[in-house]
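None of the figures in this text is laboratory data; all of them are computed from the coordinates on show. Values in this document were obtained by computation on a predicted structure and should not be read as measured data. We place every Cβ from the backbone using ideal geometry, glycine too, and count neighbours over all the protein chains shown.
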Amino acid sequence: MAPALQPVRGTRDLIGEDAARYAHVVATARRVSALYGFAEWQTPIFEDTRVFSRTLGETSDVVTKEMYTFEDRGGDSVTLRPEGTAGVCRALITNGLTQTLPQKVFYAGPMFRYERPQKGRYRQFHQIGIELLGPSVPLADAEVIAAGWQILNELGIAQDVVLNINTLGDAESRANYRAALVEYFTRHEASLSADSKMRLDKNPLRILDSKDEGDQALVVDAPVIYAHLTESAAAFYNELKAALTAFGVLFTENPRIVRGLDYYNHTAFEFVTTALGAQGTVLAGGRYDGLVEQMGGPNVAGIGWGAGIERLSMLIAAPGQASVPVAVIPMNDSFSGPALDVLKSLREAGVSAETAYSGNAKKRLERANKSGAKFAVLVGEDIKLKNLADGAQQDVALADLPGLLLQ
């Protein structure tokens with residue numbers, strides 16, 4: 001016998017409780033996002049490679065180390081999506097929606113990154129996210145963050161997370177800050193990791209995001225951006241903090257948050273937790289006002305976030321089990337047809353109903369008891385509703401069944 005085939009490393013099946021947790025996270029996020037006016041979009045799971053290489057930054061770890069990129073049979077370079085924002089912005093352009101702003105988008109689905117698999121992190125992973133395209137005011141940022149907080153709250157995990165916020169400023173602020181970082185890290189270049197030495201020339205802000213212990217030690221004393229903000233960038237940041245306070249969203253300022261992708265500006269934020277052991281990010285995002293233009297569209301502002309469903313699923317309580325179906329049992333084979341009529345009628349009325357595919361009435365009733373079903377519908381010359389907890393049963397009309405079972 002040939003050995004059984006196994007899932008590809010870094011992937012897994014969503015079955016049973018895992019599937020229930022996944023569905024609960026997505027359903028909660030979809031419902032709360034709708035309260036804020038976000039509509040769901042579905043974009044392809046693979047795109048022209050330039051959608052990501054042009055927007056995420058040629059020096060980002062995602063582009064240089066983690067993307068699943070391949071040449072298709074037509075010779076085109078395509079990439080499995082590593083994140084959701086770039087695809088949403090591409091869809092905004094190609095569907096001609098840049099003239100009908102704002103666009104408020106919710107998405108959910110699989111993403112792909114070639115990373116070392118570990119707890120809560122897979123090579124095929126899943127995200128929920130929202131993007132608000134059009135407004136360039138701090139209130140938009142606050143509303144996006146507040147929606148994320150409400151989703152975490154309604155999942156029952158808001159008490160386990162802390163919101164960290166930062167500003168990346170406007171272009172002038174970042175230019176001033178970049179110069180200060182280059183000056184500081186150049187003095188310590190010999191102690192930088194190989195990756196950070198490369199980033200020193202191309203994107204020194206990304207050194208602040210380095211996971212290398214030597215880099216982290218240097219980052220402790222690195223300049224912070226607040227001293228380099230222009231007057232307007234500082235005002236934007238202060239208005240954001242005021243709006244978050246008005247929404248009742250608690251936050252901590254963290255000047256080291258820069259986010260891992262190159263298209264962010266102004267607001268950057270992360271909801272982090274220690275409930276999974278080491279501190280981990282469960283929901284994060286920021287403002288990306290130049291991204292749509294960078295992709296060939298007009299200058300459209302944007303703010304959004306993404307959250308890993310796998311990590312959220314590890315934090316939430318197990319979702320309640322779905323109701324156990326009513327068992328529909330024909331008393332003998334001659335009543336199989338009427339039993340199907342009962343099944344159809346119950347399901348159309350919104351009652352979960354199942355029937356065994358074989359066996360006599362006694363065995364089917366035994367199976368219904370073992371399944372945990374509360375009721376059985378016995379279909380013979382008459383229809384009887386049997387309470388499986390106490391054995392009581394009553395004659396009922398088919399038209400009355402749904403009303404009795406939905407009480």
Once each part is reduced to its C-alpha centroid, what is the distance from the range 321-370 to the range 147-203 in angstrom? 59 Å
How big is the dipole moment of the chain about its Cα centre under a simple scheme where the beta carbon of each Lys and Arg is +1, that of each Asp and Glu is -1, and everything else is neutral? Debye, nearest 20, please. 920 debye
Spelling it out for PHE46: with amide H atoms placed in the peptide plane at 1.01 Å from N, the residues 5 or more places away or on another chain with amide H under 5 Å from its amide H are ARG81
Exceeding the 24 Å Cα-Cα cut-off - candidates LYS211/LYS241; LYS119/LYS370; LYS65/LYS202; LYS65/LYS241: LYS211/LYS241; LYS119/LYS370; LYS65/LYS241
In whole Å, what three semi-axes, largest first, describe the equivalent ellipsoid of the range 159-221 built from its Cα gyration tensor (square root of 5 times each eigenvalue)? 21, 18, 9
Once amide H atoms are built 1.01 Å from N in the peptide plane, which residues 5 or more positions from VAL326, or in another chain, come under 5 Å H to H? SER352, ALA353, GLU354
Relative contact order as a percentage, the chain, C-alpha pairs under 8 Å and 6+ apart, gives 16 percent
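Dividing the Cα radius of gyration by the Kirkwood radius, what Rg/Rh value follows for the chain?
Details: Rg = 27.2 Å, Rh = 24.6 Å.
Radius of gyration over Kirkwood radius for the chain works out to 1.11.
Which whole-number percent gives the relative contact order of the range 326-405, counting Cα pairs below 8 Å spaced six or more residues apart?
Numbers: 113 pairs, mean separation 26.0, N = 80.
About 33 percent, as a whole number.
Take each uninterrupted DSSP H stretch in the chain, measure its Cα extent along the helix axis, and return the ones at 20 Å or beyond whose mean Kyte-Doolittle hydropathy is at least -1.0. Spell out each step's value before the answer.
Numbers: long enough: 17-35 (27 Å, 0.04); 138-154 (24 Å, 0.45); 171-187 (24 Å, -0.59); 231-246 (23 Å, 0.25).
Span-like helices here: 17-35, 138-154, 171-187, 231-246.
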Going by average Cβ density within 10 Å per residue, which order do the peptides 240-253, 134-147 take, highest to lowest? 134-147, 240-253
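I'd like the projected area of the range 327-373, averaged over all directions, using the convex hull of its alpha carbons. Report it in nm² with one decimal.
3.0 nm²
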Rank SER77, LEU14, ALA29 by how far each Cα sits towards the positive end of the charge dipole of the range 8-117 (+1 on Lys, Arg Cβ; -1 on Asp, Glu Cβ) and give me just the farthest. ALA29
The orientation-averaged projected area of the Cα convex hull of the range 20-153, in nm², is 9.8 nm²
Diffusion coefficient in µm²/s returned for the range 315-407 by Stokes-Einstein, Kirkwood Rh over C-alpha pairs, 10 °C and 1.306 mPa s, is 117 µm²/s
Would you list, by chain and number, the lysines whose Cα falls below 16 Å from the Cα of LYS344, excluding same-chain residues fewer than 8 positions away? none
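What does the net charge come to around ARG90 if you take all other residues with beta carbon closer than 13 Å to its beta carbon, with K and R at +1 and D and E at -1? Walk me through the numbers before you get to the answer.
Numbers: positive: ARG50, ARG54, ARG81; negative: GLU47, ASP48, GLU83, GLU131, GLU293.
Within the 13 Å Cβ shell, the charges total -2.
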